[in-house]
Structure formats: structure tokens, C-alpha cells
Amino acid sequence: MSDEGWYPDLCHMETIHKLPTPPWDMESAATRLQLLEDDYNSLQPDKVSANFTDHAEVRIGTSFLNGREALKNTLLRIGPVKGTIS
């Protein structure tokens, strides 16, 4: 029997970071921005969209998106585009 059957959570663990919460000071704001930037630069739609609320309004290029799922679906559709700034 494989270890995965006994310890499914241990075989599929990922690092989850907790964002600083308000009230902000300069250090916690800088930490939060760095964590958000790291997620965005990962080019993983799940990580990027997790930083937005379910009702977020986001602009990507000329498209306006409403909600986390719309953002995630758009990122999946356009794929990673390295070297571009929107």
C-alpha cells in the first residue's frame, strides 16, 4: 500500500502564507505587497485570483472583469505572457 493512501494531506501539501491584516504600518504594508507580487509573478491563476474578493472588479488590458472566477478564467485563457506590463 502506498503512503498516499494513509497520508493524503501530507503528499499534497503546499505552503500557505497569511497576509498581514489592518491596521497597516509601513512594514506590514510592504510585506503584504511583496506577497501579492510574488503570487502574481508565479503566473498561476489560482494563486493570483485567491488575492481578490469574490466581487472584485479588475481591469486586464481593455477588459473589465467582475469577480474572482472571471479573473481566474481569463488568466487561464490568456496563459502566461512574460515580459508584458498591463
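The values are calculated or read from the model by the stated rules, or taken from the named source; none is laboratory data. Everything numeric here is computed off the predicted structure, so don't read it as measured data. Cβ coordinates were reconstructed from backbone atoms using ideal geometry, including for glycine residues, and neighbour counts include every protein chain displayed.
Any residue that is touching a Pro at 6+ places or on another chain (Cβ under 8 Å) and either assigned to a loop (DSSP other than H, G, I, E, B) or hydrophobic (A, V, I, L, M, F, W, C) (or both) - is there at least one of those in region 48-67? No, because not a single residue in region 48-67 is touching a Pro at 6+ places or on another chain (Cβ under 8 Å) and either assigned to a loop (DSSP other than H, G, I, E, B) or hydrophobic (A, V, I, L, M, F, W, C) (or both). Filtering region 57-77 to residues that are surrounded by 11 or more Cβ atoms within 10 Å (Cβ to Cβ) and β-branched (Val, Ile, Thr) leaves Val58, Ile60, Thr74. Residues in region 30-42 that are farther than 20 Å from Leu76 by Cβ and at pLDDT 85 or above: Ala30, Thr31, Leu33, Gln34, Leu35, Glu37. Screening region 33-47 for residues that are in a helix (DSSP H, G or I) and free of Cβ contacts under 8 Å to residues at least 12 places away in the same chain and picking the one that is surrounded by the most Cβ atoms within 10 Å (Cβ to Cβ) gives Lys47.
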